[in-house]
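Take a look at the structure below.
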Amino acid sequence: MSMEQIIAAVREFPGALVLAPEPGGAFPELAWGDAFFYYAPDGRLPQTTQPYGTVVTKNLPGDTASDLDPPGRWRVNIHVGRTALNGLTGEEPHDHAVADTVLPHPVYGAQGWVCVVNPGRRTTDTVLRLLHGAHDNACSRFARRHDQGGEG
């Protein structure tokens, strides 16, 4: 599955907001070419909420284990929660540069994030299912905050 297909699938989720910074826009150059997935039913970028998923297209400072700088390499990152993490990835050491494999995120795994470099035949269905679940969880968090009179 291509990066564009994943982004298009997330755009179809009810209330989804996909932020895709481009050159010359308001976001830093470091974010250009990447995508950030939020639940935002009003269509506005949440100011106090982290994305539930991202697509990154290059190595970032402190995040090089997936070897994303060669052409054609990219990674989808999904917040699944700490409980689901081990069931998806196991506890053994991981080679974060391996493609088409669900792995703990090389930096944020302990916070319940998984990642897949270049999702393919083995992981496409899982990636879409996990993104949908992360979106649903973000929707539930949004509803709880609003039911408690909090900000979105």
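Going through the stretch 105-152 one residue at a time, which ones are assigned to a helix (DSSP H, G or I), within 14 Å of Ala84 (Cβ to Cβ) and touching a strand residue (DSSP E or B) at 6+ places or on another chain (Cβ under 7 Å)?
If the condition is that a residue be assigned to a helix (DSSP H, G or I), within 14 Å of Ala84 (Cβ to Cβ) and touching a strand residue (DSSP E or B) at 6+ places or on another chain (Cβ under 7 Å), then Val127, Leu130, Leu131, Ala134 are the ones that fit.
Considering only residues of the stretch 14-33 that are free of Cβ contacts under 8 Å to residues at least 24 places away in the same chain and within 13 Å of the chain's Cα centre (by Cα), which is surrounded by the most Cβ atoms within 10 Å (Cβ to Cβ)?
By that ranking, first place goes to Val18.
For (1) within 26 Å of Ala138 (Cα to Cα); (2) among the small types (Gly, Ala, Ser), each residue gets a yes or a no:
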site	(1), (2)
Asp67	no, no
Val76	yes, no
Asn86	yes, no
Gly90	yes, yes
Pro93	no, no
Thr101	yes, no
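Of all residues in the stretch 9-37, which are out of contact with any His (no Cβ under 9 Å at 6 or more places or on another chain), over 19 Å from Gly72 (Cβ atoms) and not in a loop (DSSP other than H, G, I, E, B)?
The answer is Arg11, Leu17, Val18, Leu19, Glu29, Leu30, Ala31, Phe36.
Among the residues of the stretch 44-75, write down those that are free of Cβ contacts under 8 Å to residues at least 60 places away in the same chain, of a type outside the set (D, E, K, R), outside any loop (DSSP other than H, G, I, E, B) and buried (at least 18 other Cβ atoms within 10 Å of the Cβ).
Listed by number, the residues that qualify are Thr54, Val55, Val56.
Suppose the filter is aliphatic (A, V, I, L, M) and touching a residue at least 24 places away in the same chain (Cβ under 8 Å); does Leu103 pass it?
Here the answer is no, as Leu103 does not meet what is asked.
Every number in this text was worked out from the coordinates using simple rules, so none of it is lab data. The model shown is predicted, which means the values in this text are computed figures rather than measured ones. Heads up, the Cβs are rebuilt from the backbone with ideal geometry, glycines too, and the neighbour counts pull from every protein chain shown.
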